[in-house]
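The structure appears right after this line, and notes come after that.
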Amino acid sequence: MSGIVVHLPRGSGGVVDGEPYGDAVTFRLGPGEGARFGRGSSRTPVELRLADAAISRLAGEIRVTDDHWQLTNHSSTHSYLVENPEGAGEYLRVPPRRVGAPIPFEFSRVVLPTRHDTTVSFQVFAPAHVYLDPEGAGGSGESLTVTAYSLDETATYFLVLVALCEPWLRDESPVAVPTTPQVVERLRGHAACVKLTSRAVSSHIDYLAEEKLRIGSPAEAEGHRGDRRNGKREAVVGLVLRFGIVREEHLALLPPRAEPAPRRQWRA
């Protein structure tokens, strides 16, 4: 397992003085590493700070093992939910004082109850799920083969990937890869992407490049931030098309494209 990525979206850290609290926070944890979350204090430092009176100073802890991650609930009164946003409503309930609950989801949302009408939540991307090739399932242990790029074609990140590749798959000879706002607009008609934001698309692209496809930093890393983002999207599209990871049949996963308005005919 290469590790996990923890992401707290902007304004998701609670409510302070009636306003959403917190800037966006993203960090990576490798096997054997952990991070604590909660309200925190000078005596109780936490890596992920959440603001609400109902959340303990030390609310819980994430720890990464070799092949999954675990959640410890330090609260003595509140259960936490771990949702699978990519699934059909699956979730786990981690009860108070539960230590090291294993989390099986590839993409998770950890939800904590609060005193307000909104919850506090953060996301965890765990890219370690590896699947055996079907043709190798019956072989001996030393002959089994695993997929080089383990992608879940039912996940939102795969929809983002197909949308990025669509112009090439339709042979539209594009000048550049679709921008993040263009991907958001392209996927808006999909039931799973109604609330998809530009920030979420950027997180999915980072996840694909750094974890699922292991591309690393593109050559544009020395340039401006926009150049780095463009370079990362181009590297992702180039790799998946070169190896046939995304193919023409995957276009069926996208919502139908809006037909252009008919051109008006001028009459003399």
Item to complete: Sum up the charges of everything whose Cβ sits under 12 Å from the Cβ of GLY60, counting Lys and Arg as +1 and Asp and Glu as -1, but leave GLY60 out.
Response: +4
Practice prompt. Pop a pseudo-label 7 angstrom from the Cα along the beta-carbon direction at both GLU172 and VAL99 and give the gap in nm to one decimal.
Written response: 5.5 nm
Fill in: DSSP-loop trypsin sites (Lys or Arg not before Pro) across segment 177-209, with at most 11 other Cβ within 10 angstrom
LYS195
Worksheet item: Hey, got a sec? Which GluC sites (Glu not before Pro) in segment 49-127 land in a DSSP loop and have at most 14 other Cβ atoms within 10 Å?
Response: GLU90
Practice prompt. Project the alpha carbons of segment 42-107 onto their principal axes and report the range along each, largest first, in whole Å.
Written response: 38, 26, 19
Worksheet entry | Whole-Hz ³J(HN,Hα) from phi, Karplus 6.51 cos²θ - 1.76 cosθ + 1.60, for segment 102-112, glycine and proline x | x, 10, x, 7, 6, 10, 10, 10, 8, 10, 10
Worksheet item: Which ³J(HN,Hα) values in Hz, rounded to whole numbers, follow from the phi angles of segment 74-84 under the Karplus curve 6.51 cos²θ - 1.76 cosθ + 1.60, where θ = phi - 60° and Gly and Pro get x?
Response: 7, 5, 9, 10, 10, 8, 10, 9, 10, 9, 9
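Values in this text are rule-based calculations from the coordinates and carry no lab data. Quick caveat, the model's predicted, so the values are computed rather than measured. Neighbour counts run over all protein chains shown; Cβ positions are idealised from the backbone, glycine included.
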